[in-house]
Each structure stands twice: as C-alpha cells, then as structure tokens.
Amino acid sequence: MKKSDSGSLFSRYFFISFLTVFVSCVILIVLFVSFFANYWANQTITILERNLGTLSVKSEQMNLRSDSSHNTEKQKADFKDYMNVISDATSAEFFFCDNDGNIILQSDRHKFSRSHIDIDKRTYQKISEDTYYAVSMPGKSKLGEDKNLIRSIVVIKQRSENDGYIVGVRSIYRGLSDTIVSFLKILLLAETITFLLSIIIVYSMTYNLTMPILQMTKLTQQYARGDFSQRLEVKGSNEISILSENFNEMASSLSNMESSMSSFVANISHELKTPMTSISGYIDGILDGTIPEKDRNKYLNKVSREVKRLAKLSVAMLQLSKIQSGEGEPIFTRMDLSKTTVQILFSFEDLINQKNIDVIGLDKLNPEFVEADERFIYQVIYNLVDNAVKFTNVGGYIETKIYSQNDNVYFILKNSGDGIDGYELTRIFERFYKVDKSRSKDIRSSGLGLNLVKTIIEMHNGKIHAASKLGEYTQFKFFLPKKQDGGKK
C-alpha cells in the first residue's frame, strides 16, 4: 500500500463529515428563512385582519356611514386620525369605501398606495377593480397580483350592505428582510461557533476512528515481514477498542504460531537428525568393518531401537496432523475408563517390577463409563502411564484414581519422583517440549506425547492439567463428559 493511500482514509472520512456538517448548516439557514418568511406572512395577514376588525368596530362606535352626508367633519377627522395611528403602527394603508369602491376616507399613507394598483390611477378616488372584486368575499385575505410587491388585501363588511367597506393594504414582506438580516446575524454567529466545534469533534472522532485502522494496516505489513514486536494501543471500550483487542490477540497468536513453527522445524530437524545420524553411523561401521563382528548384534539392536523411535515419532505426528486437520474425527462409544486403565497398567508390569514401583488405587477402581473414542483414550492413558513409569524413582509409587462427579468422569494419575518446576509445568503440553532437556532421563522421548494427550482430551470436550512439587511428585488430572452431544453409542 502506498503511503498516500494510508492517509487518504482519514482525509475521505474527514471531508465527508466536514461536507455533511457544512451542508447541514446551509440547509438549516435555508429552512429558517423559508419557515420564518412563511410565519411572517401569516402573522402579517393575521395582524392586518385584526386591525381591520378594530377599525370596523371603531366605525360602528362612531356611527360612521358610507354616505358622506350622514358623517360630520369631526367624525371623519377622528376616524382618520385613528386610521393613521394604526397605519403607522402596522405599516399598512387603510381605505373607507362605499359599496361602489369610492374612497371616502384613507390613511395618510395614500401616496404609497397610489403608486400601485390598489387605487384606480385614472381617478385616484376609487379602489382598483382587483380590490373591488374582493368585496364579494368580505373577511378574507387576498394576495395582490403585482409580483413586484406582494400585498394582502382584507375586506371587512360593516353593519349592513349600505354601510361600505374598510380595505387594508400591506406588503406581506415589508420589513421582513431587515428582521431576517438581524436574525441571520445571530444565527450565523451561533452556527459559526457550532460549526467550528463540530469540525473539532468531527476531526477528533474521525481521527479516533481511522487511526487504529491505519495502524492496523501498517502493523499487518510489519507482521507480513515476520516482525510481531508491536501492538495496538487500546483505549475505551467501544467497537474499535474491541477490534483492537482482537487484533492484538490475533497478533499474539500469530507470534506464538510463528515461534511454534520455528521451534517445530528446529525440533523435528533435531529429532530426525539424531537417530538418522546414529543409524547411519552404526550401519557404516558394520559395513566398513569398524564395528567388530562380535558387536554387530549390539549395534543392530540400537539401530532397531532408533528405527522404532522414528516410527513412533512418525505415528504421533500423523495422529496429530489428522486430528488437527479434522480427518481423525472420533467415533464415540460407551467405554469403561477404569477397565482400560487396568489393562494399560498391566501391560507395563515388567517395567514396574524392575523399578520396584508400588501401584496404588487399583483395588479401589469402580467401573466408570464415558462416551469416547476408545482408540484415542487408550492412547491418552498409555502415554500418561508411560511417562509415569519412566520418571518414577526406584522404589517409588504410582497412584491412580477414577471417579464421577455430576456429568463428568475424572481421571488422576500421580507418581513420585523429581517433579517439575513451575515454568516447565506451564509448557509440558507444548509440541516437542521436553522437561529439563539437559538432564532428561528419557532421551528417546519425541516431545509429542503430552501434546497429543491434550489434543485428544480437548477433542472429547474435556480438559487436562498438571500439578507437581519438586522432589516429591507429579500429577496429571483430566475429565471427560459422560455423554457427548451427538455422540454415537
């Protein structure tokens, strides 16, 4: 991966997040202006209608008529003053008209209206036909047709058909721009602060989201080169943190696997090289006459033992390979763990007698049945007994105990001897690991026996662990379920 590519993930996510915040702010402003303009228009119409209603009530109180002959000059002047007060307060224009649209009284804002179609430009004494048409719908608001100035025309009918009309005209959006500008200044200031804070938060979140991924990319390249020394720093408890923890666990597993593979190659090379060298040396010595004829049988026996050791190593490796590849699937049957143990211990009778080992617990064994593959479990117990016999001191003891508890059957094999120290005890189930290699009493051991034992036990849904005390004893304990899920009886 190119260096520029590794940084593009952060750039892309930050740009997308930045663009999202920016577009959101623009949409918010557009929506604000749109909704506020609509609200302003509705409020303008409502206020105009209320004021027209107020003027209508006032005209009733003053007993004003559309027929000028019934109105005194004082009535006209007072009503006009009242219209001017409301006109100045609302920036609207008001006309008191008769039923034919002739203007009787109007507010002093008439010069503003005369520049528009609300008043007939031919006479300036009559409201326009468009406004007069609204008389047929008294009490309703009507938008003017002049697109350069949107107006609201409200017509309110008075006490009777002959009492005339009061018409109000006002630009819906008059003063809106100044109000919106004032609000936008406050909104833009708030949005600028919010935008900057959002960018900081987005930058931080994008960094925290993408940096672990970029670090993983770099570390995977490092791991591909075989260097597993570095790990990701885990912060928090979110999904990225969990991913980082899993990544570190994967790295540790790969490191252990790499170490195991290296150790495996080194150990298998050593395990094969030593007997092959011995076999080759003995046979060459017999063929070239270096070994006297009288000693040939002795060395041929050694060759035979080494060949058997190689055969045993090959079988163990083959078993492990089949089990781990899934080819060696167990065939579960009902078997007596105690009976198998007794049979195996009797097969070691000669070696036990030679070392004068006391076998404890055989007389207390009762039948304990489990569902297991008898071939594999026989191999497990055989390997454990073989180790116990080899490492038990002369005149020592081997103690066995088998019992059931809940849904499991437990097997314990304990022998006296030198014991195993704590560090080696944690590694005895590793492949090719030999306890105290420099002083091992079992020079023919392949180091696969206990690894095979652990693999088989876990394949049977059981667990095994070892305990030891230096200079006193070593003990192996495992359990197997009495019944396996999906087991074949």
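The values are calculated or read from the model by the stated rules, or taken from the named source; none is laboratory data. Everything quoted here is computed from the prediction, not taken from an experiment. Counting neighbours? That spans all protein chains shown, and the Cβs are built from the backbone with ideal geometry, glycine included. To get the accessible areas, we keep the full protein, side chains included, count just its heavy atoms, and leave off ligands, DNA and RNA. Shrake-Rupley method; radii C 1.70, N 1.55, O 1.52, S 1.80 Å.
Quick look at the numbers
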{"quantity": "Any hit, the stretch 248-260, residues being in contact with a Phe, Trp or Tyr (Cβ under 7 Å, 6 or more places away or on another chain) and open to solvent by 80 Å² or more (accessible area, probe 1.4 Å)", "calculated": "yes"}
{"quantity": "Number of the exception - Lys339 against (1) under 30 Å from Phe411 (Cα atoms); (2) outside any helix (DSSP H, G or I); (3) at pLDDT 75 or above; (4) of a type outside the set (Val, Ile, Thr)", "calculated": "(2)"}
{"quantity": "Single match in Lys469, Lys437, Lys483 (criterion: at pLDDT 80 or above and more than 19 Å from Thr400 (Cβ to Cβ))", "calculated": "Lys483"}
{"quantity": "Sole exception among (1) modelled with pLDDT of 80 or more; (2) of a type outside the set (S, T, N, Q); (3) open to solvent by 80 Å² or more (accessible area, probe 1.4 Å) for Lys322, by number", "calculated": "(1)"}
{"quantity": "Residue in the stretch 410-424 that is over 38 Å from the mean Cα position of the chain (by Cα), modelled with pLDDT of 90 or more, more than 30 Å from Lys302 (Cα to Cα) and surrounded by fewer than 18 Cβ atoms within 10 Å (Cβ to Cβ) present", "calculated": "yes"}
{"quantity": "Which numbered condition Ile200 misses (of (1) under 17 Å from Tyr13 (Cα atoms); (2) at pLDDT below 75)", "calculated": "(2)"}
{"quantity": "The stretch 342-375: number of residues that are open to solvent by less than 20 Å² (accessible area, probe 1.4 Å) and either part of a helix (DSSP H, G or I) or out of contact with any His (no Cβ under 6 Å at 6 or more places or on another chain) (or both)", "calculated": "9"}
{"quantity": "Unmet criterion (only one of (1) in a strand (DSSP E or B); (2) in contact with a Ser or Thr (Cβ under 9 Å, 6 or more places away or on another chain)) for Lys390", "calculated": "(1)"}
{"quantity": "Helices (runs of 4 or more DSSP H) lying entirely in the stretch 1-119 (those with 1 or more residues that are under 30 Å from Thr192 (Cβ atoms) and at pLDDT below 75)", "calculated": "3-61"}
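The rows are residues; the columns are (1) over 16 Å from Gln354 (Cα atoms); (2) open to solvent by 20 Å² or more (accessible area, probe 1.4 Å); (3) out of contact with any His (no Cβ under 6 Å at 6 or more places or on another chain).
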| site | (1), (2), (3) |
| --- | --- |
| Ile377 | yes, no, yes |
| Tyr382 | yes, yes, yes |
| Val389 | no, no, yes |
| Asn408 | yes, yes, yes |
